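Read through the structure below, which is laid out as structure tokens, and then see the notes.
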Amino acid sequence: MTAPDEAAAKAAVAAGVRVREVTDLAGLDAVYRLFDLIWRPDPANPPVTTELMRAMTKAGNYVGGAYVGDELVGACVGFFGTPGVMHSHIAGVSPAMAGRRVGPALKLHQRAWALPRGISVIEWTFDPLVSRNAYFNLGKLAAVAVEYLPNFYGGMRDHINGGDDTDRLLVHWRIASPEVAAACDGTPRGAGAPVRGAVVALGRDGETPRPGSLDGETLLVAVPRDIETLRRTDPGLAGQWRVAVRDTLGTLLAEGARVEGFDRSGWYVVTRAVEEGR
């Protein structure tokens, strides 16, 4: 397996960026302004402030930035949690760099930074309705979903969340594990593994969520093809998807089911124990 520093360097080269730790005041202010550009939040409730990041980095926490030349194009902020755990609070990439693999470069830099500091798990949350983030987190990074969190942040009226309930999946990224090391080397979790005999627990009827059956050991839970567009064009239907995924995926996880991964066609792959006699 490739050493973490080397894997991070390769990811940065692939993205055409330079990734470094950010601790200076001007750099942290640039991070604040980048997040403001991405999320366009209520001015009274920014995702993170320059002053807070200044205090966090002084206390030894992580802020990383991805640069093209001198321009900041992506950033990631994390802080230490329970022993051996870092909580990665927020990460974002400039819309102009979408699809350029800046996200992987940031996360692999964060991993390389965290390992020598005694961190074995980096955790974060993401919106389970956003399919590209689900595949990135569960597939390309090989993080593991551990908990469904209904309306975790409360209302967030910004460009991305659009006032929707802020349900989140909490994931653990076990950064020293062989599975994560393989993912960082370019082998996504579950790559090439077909889903045979799976039962559709939540499907799609056109663009509408359609409840299925929970009678199976391997279940598929669909998400909308483009929730961000749907929030703008049909907020009511977006809300239906929120409730449907919460009721299905959230209930399954609460009952002890395990998310095995995310299929690129837009399905969570979930396994659960089936009681005898069912």
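The values are calculated or read from the model by the stated rules, or taken from the named source; none is laboratory data. As the structure is a computational prediction, the values presented were derived from the model and not from experiment. For neighbour counting, all protein chains shown are included, and Cβ atoms are generated from backbone atoms with ideal geometry for every residue, glycine included.
State which residue is surrounded by the most Cβ atoms within 10 Å (Cβ to Cβ) when the search covers only segment 227-239 and only residues that are touching a residue at least 40 places away in the same chain (Cβ under 8 Å) and out of contact with any helix residue (DSSP H, G or I) (no Cβ under 8 Å at 6 or more places or on another chain). It would help to see each step written out before you state the result.
Of the residues in segment 227-239, the ones touching a residue at least 40 places away in the same chain (Cβ under 8 Å) are 227-228, 231-232, 235, 238-239.
Then drop every residue that is not out of contact with any helix residue (DSSP H, G or I) (no Cβ under 8 Å at 6 or more places or on another chain), which leaves 228, 232, 235, 239.
Details: GLU228: 17, ARG232: 11, PRO235: 13, GLY239: 15.
Within segment 227-239, the match that is surrounded by the most Cβ atoms within 10 Å (Cβ to Cβ) is GLU228.
Each residue in segment 219-248 was checked for being closer than 25 Å to VAL195 by Cβ and at pLDDT 95 or above, and 15 pass.
Only residues that are assigned to a helix (DSSP H, G or I) and in contact with a His (Cβ under 9 Å, 6 or more places away or on another chain): list them for segment 10-33, please.
Narrowing segment 10-33 to residues assigned to a helix (DSSP H, G or I): 10-15, 25-33.
Listed by number, the residues that qualify are ALA11, ALA12.
Restricting segment 34-50 to residues that are out of contact with any helix residue (DSSP H, G or I) (no Cβ under 9 Å at 6 or more places or on another chain) and not in a loop (DSSP other than H, G, I, E, B) leaves a set whose member that is surrounded by the fewest Cβ atoms within 10 Å (Cβ to Cβ) is ASP36.
Picking from residues in segment 235-249 that are of a type in the set (Gly, Ala, Ser) and touching a Leu at 6+ places or on another chain (Cβ under 7 Å), the one that is farthest from ASP164 (Cα to Cα) is ALA244. Among the residues here, ARG54 qualifies as assigned to a helix (DSSP H, G or I), among the charged types (D, E, K, R), in contact with a helix residue (DSSP H, G or I) (Cβ under 7 Å, 6 or more places away or on another chain) and surrounded by fewer than 19 Cβ atoms within 10 Å (Cβ to Cβ). When VAL22, VAL13, VAL31 are checked against the criterion of being within 23 Å of ASN137 (Cβ to Cβ) and within 21 Å of the chain's Cα centre (by Cα), a single residue qualifies: VAL31. Take LEU214 and tell me if it is touching a residue at least 24 places away in the same chain (Cβ under 8 Å) and surrounded by 12 or more Cβ atoms within 10 Å (Cβ to Cβ). The answer is yes for LEU214.
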